[in-house]
Amino acid sequence: NAGVTQTPKFRVLKTGQSMTLLCAQDMNHEYMYWYRQDPGMGLRLIHYSVGEGTTAKGEVPDGYNVSRLKKQNFLLGLESAAPSQTSVYFCASKRDSYNEQFFGPGTRLTVL
Amino acid sequence: EDQVTQSPEALRLQEGESSSLNCSYTVSGLRGLFWYRQDPGKGPEFLFTLYSAGEEKEKERLKATLTKKESFLHITAPKPEDSATYLCAVQAGGAQKLVFGQGTRLTINP
């Protein structure tokens, strides 16, 4: 099992550009999450999904969109990147409501 | 509002010097408290889940305990490879998401 994988690992964008981050899990997990991690701010939830075809807003959803068309994939989109979105992005998944989340290796995004 | 506060922010120990990390929380109906370890440049790695006050869990040199207001991560006779940031998170009853603390950066000097 590969667990949770994220693509790409690194990316540099210019202000106003768009991009999509891909998260994939091979554990048949129902729940998937997108976080951002900034120095001094800890992990903050952007969006999450409790099953295929569902999405919900987290703590810091503005400027991001998500889609969960397939159970194993969770996409995070930035339509018009801003320097404030420079961060490390982590995806996580879990089997059901009671279990721990498993995290991917992260994507380091820089917006110039 | 659910909140998690970890202390200290950073802790430096000598190899073999035991200590504890603290995680204080306020949550409306605790469903679970989670401890993670994060190495630089990597994603958080799951360590423990605690569900109710009085519960304890151990793994190698680490032991996690839980009360109604806080959790402790005790590290006994640490080694340099235990150096990492340790994250605490809570899940409130009825919620499907975690609220994380800011972490404790632990450094073990040989």
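What number of residues within region A:53-112 are crowded, with 20+ Cβ neighbours inside 10 Å and among the hydroxyl-bearing types (Ser, Thr, Tyr)?
So the answer is 4.
From (1) facing chain B (nearest Cβ under 8 Å); (2) in contact with a Ser or Thr (Cβ under 8 Å, 6 or more places away or on another chain), pick out the condition that doesn't hold for residue A:45.
Only one criterion in (1) facing chain B (nearest Cβ under 8 Å); (2) in contact with a Ser or Thr (Cβ under 8 Å, 6 or more places away or on another chain) is unmet by residue A:45, namely (2).
Just to be sure before I move on: is residue A:48 among the aromatic types (Phe, Trp, Tyr) and without any contact (Cβ under 8 Å) to a residue 24 or more places away in the chain in the structure I sent? Can you show your working first?
On the way: among the aromatic types (Phe, Trp, Tyr): yes; without any contact (Cβ under 8 Å) to a residue 24 or more places away in the chain: yes.
The answer is yes for residue A:48.
Looking at B:14, B:6, which is the one that is of a type outside the set (Gly, Ala, Ser), surrounded by fewer than 21 Cβ atoms within 10 Å (Cβ to Cβ) and either farther than 19 Å from residue A:94 by Cβ or within 12 Å of chain A (Cβ to nearest Cβ) (or both)? Don't jump to the end; show me each part of the working.
Numbers: B:6 fails: surrounded by fewer than 21 Cβ atoms within 10 Å (Cβ to Cβ).
None of the other options fit; the residue is B:14.
Report every pair of residues separated by at least 6 positions or lying on different chains whose Cβ atoms are under 7 Å apart, first residue within region A:24-37 and more than 10 Å from chain B (Cβ to nearest Cβ), second hydroxyl-bearing (Ser, Thr, Tyr) and open to solvent by less than 30 Å² (accessible area, probe 1.4 Å).
A:25/A:93; A:27/A:93; A:29/A:93; A:32/A:49; A:32/A:93; A:34/A:89; A:36/A:87; A:36/A:89
Go through (1) assigned to a loop (DSSP other than H, G, I, E, B); (2) touching a residue at least 60 places away in the same chain (Cβ under 8 Å) one by one and return the number of the condition residue A:69 breaks.
Looking at each condition in turn, residue A:69 falls short on (2).
Those residues that are open to solvent by 10 Å² or more (accessible area, probe 1.4 Å) and on the phi < 0 side of the Ramachandran plot, I need them from region A:30-42; list them, please.
Within region A:30-42, A:30, A:31, A:36, A:37, A:38, A:39, A:41 meet the criteria.
Can you give me the number of residues within region B:31-69 that are of a type in the set (Ser, Thr, Tyr) and open to solvent by 40 Å² or more (accessible area, probe 1.4 Å)? Write out each step before concluding.
Taking region B:31-69 and keeping what is of a type in the set (Ser, Thr, Tyr), we get B:36, B:49, B:51-52, B:65, B:67.
Filter once more, so that each one left must be open to solvent by 40 Å² or more (accessible area, probe 1.4 Å): B:51-52, B:67.
Matching residues across region B:31-69 total 3.
Quick check on my filter: what residues within region A:2-29 are surrounded by fewer than 14 Cβ atoms within 10 Å (Cβ to Cβ), of a type outside the set (A, V, I, L, M) and more than 14 Å from the chain's Cα centre (by Cα)?
A:14, A:15, A:16, A:18, A:26, A:28
Determine which member of the set A:93, A:80 is more than 25 Å from residue B:45 (Cα to Cα) and either part of a strand (DSSP E or B) or modelled with pLDDT of 95 or more (or both). Give the derivation first.
On the way: A:93 fails: more than 25 Å from residue B:45 (Cα to Cα).
It is A:80.
Does any residue of region A:50-65 turn out to be at pLDDT 95 or above, away from chain B (no Cβ under 14 Å) and in a strand (DSSP E or B)?
Scanning region A:50-65, I find at least one residue that is at pLDDT 95 or above, away from chain B (no Cβ under 14 Å) and in a strand (DSSP E or B), so the answer is yes.
Quick one: in region B:63-110, which of the residues that are of a type in the set (Lys, Arg) and in a strand (DSSP E or B) is nearest to the other protein chains (Cβ to nearest Cβ)?
First, pick out the residues of region B:63-110 that are of a type in the set (Lys, Arg): B:63, B:68-69, B:79, B:97, B:105.
From what's left, in a strand (DSSP E or B): B:63, B:105.
Numbers: B:63: 18, B:105: 11 Å.
The selected residue is B:105.
Take the residues in region B:83-100 that are small (Gly, Ala, Ser) and surrounded by fewer than 22 Cβ atoms within 10 Å (Cβ to Cβ); name whichever of them is farthest from residue A:57 (Cα to Cα). Can you show your working first?
The first filter runs over region B:83-100 and keeps only residues small (Gly, Ala, Ser), leaving B:83-84, B:89, B:92-95.
Keeping just the survivors that are surrounded by fewer than 22 Cβ atoms within 10 Å (Cβ to Cβ) gives B:83-84, B:92-95.
Working: B:83: 34, B:84: 30, B:92: 16, B:93: 18, B:94: 16, B:95: 12 Å.
So the residue we want is B:83.
The values are calculated or read from the model by the stated rules, or taken from the named source; none is laboratory data. Just so it is clear, the structure is predicted and the values come from calculations on it, not from any experiment. Positions of Cβ are backbone-derived with ideal geometry, glycine not excepted, and every protein chain shown enters the neighbour counts. Please note that ligands, DNA and RNA were not included when accessible areas were found on the heavy atoms of the full protein model with its side chains. Shrake-Rupley method; radii C 1.70, N 1.55, O 1.52, S 1.80 Å.
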